[in-house]
Amino acid sequence: VDAFQAWSGPCKTVVDLFRKIRNEVGSDLLHFAVAEVDSIDALEKYRGKCEPVFLFYAGGELVAVVRGANAPLLHKTILEQL
């Protein structure tokens, strides 16, 4: 989940990375979503940050968090979580 604030919008710099990884592993294993933290109370702790936050869930549980648009770290985290 790309957790963003309305004033900054979703992180566009990693969209291509997500598409590439999804094409590699298949759409059945990996799903991407965006969430505006200003309108979701459960994501309140991610408000007021100037960097994007990427939340990784498996089985409904938060399993990893990556702060910042660090493409190599995002790629590594996605593959590790799969």
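The values are calculated or read from the model by the stated rules, or taken from the named source; none is laboratory data. Quantities reported herein were computed from a predicted structural model and do not represent experimental measurements. No Cβ is skipped: glycine too gets one built from the backbone with ideal geometry, and neighbour counts run over all protein chains shown. Surface accessibility is based on the protein's heavy atoms, side chains included, excluding ligands, DNA and RNA. Shrake-Rupley method; radii C 1.70, N 1.55, O 1.52, S 1.80 Å.
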Does the stretch 52-59 contain any residue that is touching a Ser or Thr at 6+ places or on another chain (Cβ under 7 Å) and either of a type outside the set (Gly, Ala, Ser) or open to solvent by 60 Å² or more (accessible area, probe 1.4 Å) (or both)?
yes
Of the residues in the stretch 22-51, how many are open to solvent by less than 60 Å² (accessible area, probe 1.4 Å) and of a type in the set (Phe, Trp, Tyr)?
1
Quick count over the stretch 66-82, residues being polar (S, T, N, Q) and either at pLDDT 90 or above or in a helix (DSSP H, G or I) (or both), is 2
Those residues of the stretch 61-82 which are closer than 17 Å to Ala35 by Cβ and open to solvent by 70 Å² or more (accessible area, probe 1.4 Å) amount to Glu61, Leu62, Arg67
Report the residue count in the stretch 1-52 for those that are under 17 Å from Ile78 (Cα atoms) and part of a helix (DSSP H, G or I).
13
Residue list for the stretch 47-63, filter: of a type in the set (D, E, K, R) and closer than 25 Å to Trp7 by Cα
Arg47, Lys49, Glu51
In the stretch 7-21, what count of residues is obtained for those that are open to solvent by 30 Å² or more (accessible area, probe 1.4 Å) and in contact with a strand residue (DSSP E or B) (Cβ under 6 Å, 6 or more places away or on another chain)?
1
